[in-house]
1. I'd like to verify a number: residues in region 64-103 that are surrounded by fewer than 16 Cβ atoms within 10 Å (Cβ to Cβ), small (Gly, Ala, Ser) and more than 14 Å from GLU42 (Cα to Cα), how many?
2. In region 106-115, is there at least one residue being out of contact with any Asp or Glu (no Cβ under 9 Å at 6 or more places or on another chain) and under 30 Å from GLN18 (Cβ atoms)?
3. Examine region 49-60 for a residue that is free of Cβ contacts under 8 Å to residues at least 24 places away in the same chain and in contact with a Phe, Trp or Tyr (Cβ under 8 Å, 6 or more places away or on another chain), and state whether such a residue exists.
4. Return the residue satisfying two criteria in turn: it lies in region 91-137 and is assigned to a helix (DSSP H, G or I) and acidic (Asp, Glu), and of such residues it is modelled with the highest pLDDT.
Amino acid sequence: MLRINDDITIQDWELSEQFTRSQGPGGQHVNKTSSAVELRFEAARSPNLPPYVKARLKRLAGQKWTLDGAVLLRVEETRSQARNRDIARDRLKALILKACERPKRRVPTKPTLGSQRRRLDAKKQRGEVKRLRGRID
């Protein structure tokens with residue numbers, strides 16, 4: 001069980017881990033051990049996530065969100081399988097916590113009178129520069 005915050009806990013059946021061989025250098029030992037971890041979280045089927053969190057999680061996850069509604073995280077930073085597993089769980093927790101945050105609603109504001117005048121003055125000045133480039137009679 002993975003505890004996200006006071007309201008959200010993820011059950012073990014929602015998470016599945018698969019261990020594969022890491023890429024990159026590592027000597028002779030790298031060919032024998034499976035230290036990279038692929039953590040799969042069944043987000044779309046999760047009863048613990050509210051719908052608004054699922055929608056934000058889908059947008060935040062991007063390419064990590066699969067077609068069947070799962071979040072797939074791959075970690076191969078360290079040579080230790082246990083450490084990679086912890087890193088993957090921490091990343092999942094951070095992703096879900098970020099999806100729980102409600103974005104601030106943007107309050108539309110009018111441009112100030114001074115900024116409107118400066119914009120129009122700049123447009124007039126630019127138009128004057130272009131007009132002076134024309135043919136001289």
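The values are calculated or read from the model by the stated rules, or taken from the named source; none is laboratory data. All figures in this text were calculated on a predicted structure; none of them were measured in a lab. We place every Cβ from the backbone using ideal geometry, glycine too, and count neighbours over all the protein chains shown.
1. Looking only at that region, the number is 3.
2. no
3. Yes: one or more hits.
4. First, the residues of region 91-137 that are assigned to a helix (DSSP H, G or I): 91-100, 113-132.
Now drop any that are not acidic (Asp, Glu), which leaves 121, 128.
Numbers: ASP121: 98, GLU128: 94.
Checked region 91-137; the qualifying residue modelled with the highest pLDDT is ASP121.
Let's see how each residue does on (1) closer than 22 Å to TRP13 by Cβ; (2) assigned to a loop (DSSP other than H, G, I, E, B); (3) in contact with a helix residue (DSSP H, G or I) (Cβ under 9 Å, 6 or more places away or on another chain); (4) at pLDDT 90 or above:
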{"site": "ALA44", "(1), (2), (3), (4)": "yes, yes, yes, no"}
{"site": "ASN48", "(1), (2), (3), (4)": "yes, yes, yes, no"}
{"site": "LEU57", "(1), (2), (3), (4)": "yes, no, yes, yes"}
{"site": "GLN63", "(1), (2), (3), (4)": "no, no, no, yes"}
{"site": "GLU77", "(1), (2), (3), (4)": "no, yes, yes, no"}
{"site": "ASP86", "(1), (2), (3), (4)": "yes, no, no, yes"}
{"site": "ARG89", "(1), (2), (3), (4)": "yes, no, no, yes"}
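Quick grid of which residues meet (1) surrounded by fewer than 14 Cβ atoms within 10 Å (Cβ to Cβ); (2) charged (D, E, K, R):
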{"site": "ARG3", "(1), (2)": "yes, yes"}
{"site": "ASP7", "(1), (2)": "yes, yes"}
{"site": "TRP13", "(1), (2)": "yes, no"}
{"site": "GLN23", "(1), (2)": "yes, no"}
{"site": "LYS32", "(1), (2)": "yes, yes"}
{"site": "ALA36", "(1), (2)": "no, no"}
{"site": "LEU39", "(1), (2)": "no, no"}
{"site": "ALA43", "(1), (2)": "no, no"}
{"site": "PRO47", "(1), (2)": "yes, no"}
